[in-house]
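See structure below.
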Amino acid sequence: MNRKPKIAVIMDENTSSGGDRYDTSKGYFSALDRAGAFAFGIPYAPDMADDLVEEFDGFLSVGGRIRFPAEWYVEGDQSQYPPSDRLAVEIALMRGFLARDKPVLGICNGMQMLGCLHGCRMVSDVRASWPGSLDHDRGDMRHDVQMIGGTRMAAIFGTESFSVNTFHREALVETSNAVVVTARGTDGVIEAIELPSKSFAMGLQWHPERLDFASHPGARIFDAFVKAAGK
């Protein structure tokens, strides 16, 4: 490919204050630009999904707090977040890009969706549901993650462990044969996954767009993602 790859970035919204505007960190766009891609924010227009899958080289599912289907949770649990028009559009996009085996990167909310679309299950409050877990819903906290050796993601990061940020209340707790866990926190909470059946389908629970691109191994995922989209 002689041109820069084009990445479709699903927009987030201000669900905590009415859901009346798109609200997405510039960090995602800066990270993709630095890695050598053109990034385009995608609104919640279901009729666009097929055209977007055809025209774009990769899909980035960003963080957010929206209501997921009840069947994505363990028995007796359900989402505590507001409903969003984002859900249907994002599911259509993620399924479409994966069906074409075009690269997909899920961050936080996006990792959870990637997992649940492939048989994983989650909890709405990991600290209440996981004995001994850290408080993962704190913007001022960092914790270590341990990479699982032999995974493609471990090869991307090139180190066994590093410290990451944490901004999530929900978390995957059950996996399927379609999904490989690639990193866990020091408390055992799932921090990253990949789909071995796809050329590039990976998810991270932390926010690499907030890390230092020059020095932090946890931000290398953008380079790998854009490289895969450029093939």
Scan the stretch 98-125 for residues that are farther than 16 Å from I66 by Cα, in contact (Cβ under 8 Å) with a residue 60 or more places away in the chain and assigned to a helix (DSSP H, G or I) and jot them down. L98
Considering only residues of the stretch 77-96 that are assigned to a helix (DSSP H, G or I) and in contact (Cβ under 8 Å) with a residue 60 or more places away in the chain, which is nearest to S197 (Cα to Cα)? L93
Can you pull out every residue in the stretch 175-229 that is closer than 14 Å to Q146 by Cα, touching a strand residue (DSSP E or B) at 6+ places or on another chain (Cβ under 7 Å) and among the charged types (D, E, K, R)? R184, E191
With the first residue restricted to the stretch 5-16 and required to be over 18 Å from P103 (Cα atoms), and the second required to be assigned to a helix (DSSP H, G or I) and among the polar types (S, T, N, Q), Cβ contacts under 9 Å at 6 or more apart or on different chains are D12/N109
Test for M94: is it under 16 Å from the mean Cα position of the chain (by Cα), under 23 Å from A37 (Cα atoms), surrounded by 23 or more Cβ atoms within 10 Å (Cβ to Cβ) and not β-branched (V, I, T): no
Only residues that are assigned to a helix (DSSP H, G or I) and either among the aromatic types (F, W, Y) or under 21 Å from the mean Cα position of the chain (by Cα) (or both): list them for the stretch 1-20, please. T15, S16
Subset of the stretch 116-153 [under 25 Å from M48 (Cβ atoms) and touching a Ser or Thr at 6+ places or on another chain (Cβ under 7 Å)]: H118
In the stretch 180-231, how many are in contact with a Ser or Thr (Cβ under 7 Å, 6 or more places away or on another chain) and under 20 Å from P5 (Cα atoms)? 2
Do we find a residue being closer than 16 Å to M202 by Cβ and at pLDDT below 95 anywhere in the stretch 59-77? yes
Would you check if there is a residue in the stretch 21-32 being at pLDDT below 95, over 21 Å from V226 (Cβ atoms) and either over 17 Å from the mean Cα position of the chain (by Cα) or among the small types (G, A, S) (or both)? yes
Scan the stretch 65-76 for residues that are in contact with a helix residue (DSSP H, G or I) (Cβ under 7 Å, 6 or more places away or on another chain) and either at positive phi or outside any loop (DSSP other than H, G, I, E, B) (or both) and report the count. 1
What are the residues in the stretch 170-193 that are charged (D, E, K, R) and surrounded by fewer than 24 Cβ atoms within 10 Å (Cβ to Cβ), if any? E174, R184, D187
Only listed residue being under 24 Å from D57 (Cβ atoms), of a type in the set (S, T, Y) and in contact with a helix residue (DSSP H, G or I) (Cβ under 8 Å, 6 or more places away or on another chain), chosen from T175, T182, T159, T151: T182
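The values are calculated or read from the model by the stated rules, or taken from the named source; none is laboratory data. The structure presented is a predicted model; accordingly, all values stated were derived computationally and were not measured. When we count neighbours, we look across all protein chains shown, and the Cβ atoms used for this are built from the backbone with ideal geometry, even at glycine.
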